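First comes the structure, then the notes that go with it.
The values are calculated or read from the model by the stated rules, or taken from the named source; none is laboratory data. All values derive from a computational prediction rather than experimental measurement. Backbone-built Cβ (ideal geometry, glycine too); neighbour counts: all protein chains shown.
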Amino acid sequence: MAAVTALPVSLSARFKGSFAYFTVKDRLPQILTKAIDTLHRHKNEFFEEHGEKGVEAEKRAISFLSKLRNELQTDKPVTPLEDDLPDAALWNQYLDYQRNLLNGNGEPSWFQSPWLFVECYMYRRIHAALAQNPPIGSFDVFKEGKAQNFFESQEAIIALCTYFQELLKNIKDLDEKQLQGELFKLLQVSLWGNKCDLSFSAGEKSSQKSSPLQCLEDMVPYVIVNDMEKLWSLLINAKKRNTDKCTVRVDIILDNAGFELVSDLVLTDFLLSSKLADEVHFHGKSIPWYVSDTTKNDFNWTIKQLQSANHMWMSRCGINWEGNLKKGVWVYQDHMFWTLPHIYSSMAEVAPDLYADLQKSNLLLFKGDLNYRKLTGDRKWEYTVPFHQALNKFHPAPLCSLRTLKSDTQVGLKPGQGEQIQASEPEWMISGKYGVVQFDATP
Ligand code: F6P
Ligand code: MG
């Protein structure tokens with residue numbers, strides 16, 4: 001029988017001084033405080049829209065969030081969800097699972113449990129604070145920040161849309177080498193777009209100010225795993241094989257709204273316009289998540305903003321993208337699994353319908369840091385452990401992670417590579433300065 005190697009421990013705030021510890025101690029309470037402030041600031045609006053009922057709902061939501069912050073800061077046990085939202089039972093089963101792991105030695109608490117679990121749980125409770133309090137149930141406390149990121153990235157968005165519309169003019173005349181060059185550029189823009197998330201900056205401003213295309217060359221050394229050639233081979237071979245007119249489907253598991261989302265949409269448009277793909281499925285979040293993650297509202301809002309922008313190429317992009325959605329070559333979907341605490345190796349069991357759907361894809365692109373943590377299980381891996389091994393049997397289709405490093409877990413490096421970067425830059429795993437385009441094709 002093959003030896004079963006034990007998995008490394010989960011990242012957790014119980015490791016004092018770790019990034020998880022710092023996050024649970026400081027960053028998560030800051031995010032809760034900001035959410036409370038946001039509700040306060042909208043009090044008049046709630047009153048105007050819903051009268052006294054709106055103000056009462058706001059007060060209840062605030063007290064729910066203050067209680068949550070107190071539970072977190074005093075390391076209380078994580079309590080079962082008491083709402084009747086559709087995913088509550090799955091959450092509570094997961095809490096039982098965490099409790100069973102402790103073998104009767106206490107209750108899972110905020111600082112002692114796996115970081116991924118408690119962090120996801122906090123966002124789920126923020127959702128409950130609103131969802132349980134009609135008439136303000138659908139208010140997204142993170143919406144303003146996401147919109148602000150979009151507006152502050154205006155210059156960068158214009159630069160990207162303009163570049164892309166120019167590219168479209170002669171895309172049919174590009175030879176393979178040129179097509180590959182353009183794909184690599186847009187992949188990198190989408191990769192570095194992942195720097196702009198708001199959970200990382202605890203809700204502080206984090207927009208793309210400069211032209212996203214200008215400094216790509218200088219950033220190449222910071223792509224510490226670079227599998228773009230493998231991605232290219234997969235896509236070009238699928239295109240060549242595609243003489244029988246089967247559809248080549250790419251799925252993008254989205255991360256942040258704002259500039260990152262626009263960079264993902266440009267990449268997607270390129271895949272279709274170059275005929276490297278025929279159909280793209282986007283996977284967003286069904287509830288507000290990790291401050292800046294894309295929900296259906298954010299997705300539609302972004303396309304509308306582009307459409308109505310006072311800039312020819314921005315609005316051209318918006319109009320084309322709306323058209324792609326109407327034609328059905330772009331498909332937006334969400335699934336509750338993406339906002340559960342489970343890592344992706346348990347998707348086949350927990351969400352078999354989603355797993356089966358992803359199996360229909362030719363390529364899955366996972367954007368961002370949280371997706372990387374869930375792909376690799378959020379563990380203290382040795383840097384040299386192969387990506388495939390860390391995926392731990394999660395393999396619905398060939399997949400690739402485009403992620404800037406904002407949490408201290410990383411696999412698939414060459415021997416000595418991690419140690420070498422560490423020696424000169426101790427913060428390399430959490431600064432967002434380094435990135436990976438990490439691919440796995442093996443079933
Ligand atoms: O709280 C921190 C965190 O989970 C980080 O790991 C990561 O920086 C961020 O939230 C989410 O990042 P992303 O938007 O890239 O998934
Ligand atoms: Mg995010």
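I'd like to know if the stretch 199-209 contains one or more residues that are modelled with pLDDT of 95 or more, closer than 26 Å to G145 by Cβ and within 16 Å of ligand 2 (Cβ to nearest atom).
The initial filter retains those residues of the stretch 199-209 that are modelled with pLDDT of 95 or more, namely none.
No, there is no match, as no residue in the stretch 199-209 is modelled with pLDDT of 95 or more, closer than 26 Å to G145 by Cβ and within 16 Å of ligand 2 (Cβ to nearest atom).
Here E155 clears all of (1) part of a helix (DSSP H, G or I); (2) farther than 18 Å from P212 by Cα except the condition numbered (2). The number of residues in the stretch 352-393 that are within 16 Å of ligand 2 (Cβ to nearest atom) and of a type in the set (K, R) comes to 3. G328 passes every criterion in (1) on the phi > 0 side of the Ramachandran plot; (2) surrounded by fewer than 21 Cβ atoms within 10 Å (Cβ to Cβ); (3) within 16 Å of ligand 2 (Cβ to nearest atom) apart from (3).
Within the stretch 105-124, residues that are without any contact (Cβ under 8 Å) to a residue 60 or more places away in the chain reach partners that are away from ligand 1 (no atom under 12 Å from the Cβ) with beta carbons closer than 6 Å, at six or more positions or on different chains, in the pairs E107/P77; P108/V78; P108/Q98; P108/R99; S109/D75; S109/P77. The set of residues in the stretch 395-443 being assigned to a loop (DSSP other than H, G, I, E, B), free of Cβ contacts under 8 Å to residues at least 60 places away in the same chain and in contact with a Pro (Cβ under 8 Å, 6 or more places away or on another chain) consists of H395, V411. Only a single item in (1) more than 16 Å from ligand 2 (Cβ to nearest atom); (2) among the small types (G, A, S); (3) at pLDDT 95 or above is not met by A238, and it is number (3). Checked against (1) away from ligand 1 (no atom under 16 Å from the Cβ); (2) free of Cβ contacts under 8 Å to residues at least 40 places away in the same chain; (3) not in a loop (DSSP other than H, G, I, E, B), M347 passes all but a single condition, namely (2).
Residues satisfying the criterion are present in the stretch 406-424 (criterion: in contact with a Ser or Thr (Cβ under 8 Å, 6 or more places away or on another chain), more than 16 Å from ligand 2 (Cβ to nearest atom) and acidic (D, E)). Remark: W301 falls outside the filter, which requires a residue to be in contact (Cβ under 8 Å) with a residue 60 or more places away in the chain and either buried (at least 22 other Cβ atoms within 10 Å of the Cβ) or not in a helix (DSSP H, G or I) (or both).
Tell me, which helices (runs of 4 or more DSSP H) wholly within the stretch 1-117 include 3 or more residues that are among the aromatic types (F, W, Y)?
Values: elements: 19-22, 28-41, 43-50, 52-73, 88-101.
Because the criterion is at least 3 residues that are among the aromatic types (F, W, Y), the helices (runs of 4 or more DSSP H) in the stretch 1-117 that meet it are 19-22, 88-101.
Residues considered: K367, K433. Of these, the only one that is under 14 Å from the mean Cα position of the chain (by Cα), of a type in the set (D, E, K, R) and more than 23 Å from S12 (Cβ to Cβ) is K367. Inspect the stretch 222-231 for any residue being away from ligand 1 (no atom under 16 Å from the Cβ), more than 18 Å from Y372 (Cα to Cα) and modelled with pLDDT of 90 or more and give the result as yes or no. Yes: one or more hits. The requirement of being modelled with pLDDT of 95 or more, β-branched (V, I, T), assigned by TED's automatic domain parsing to the domain that holds R373 and within 14 Å of ligand 2 (Cβ to nearest atom) is fulfilled somewhere in the stretch 248-261, by at least one residue. Here N133 fulfils each of the conditions (1) in contact with a helix residue (DSSP H, G or I) (Cβ under 7 Å, 6 or more places away or on another chain); (2) more than 27 Å from F46 (Cβ to Cβ); (3) surrounded by 18 or more Cβ atoms within 10 Å (Cβ to Cβ); (4) touching a residue at least 24 places away in the same chain (Cβ under 8 Å) apart from (2). Apart from one condition, T295 fits all of (1) within 16 Å of ligand 1 (Cβ to nearest atom); (2) over 25 Å from A131 (Cα atoms); (3) out of contact with any helix residue (DSSP H, G or I) (no Cβ under 8 Å at 6 or more places or on another chain); the exception is (2). Residues in the stretch 382-394 that are surrounded by fewer than 21 Cβ atoms within 10 Å (Cβ to Cβ) and part of a loop (DSSP other than H, G, I, E, B): E382, Y383, T384, V385, P386, N392, K393.
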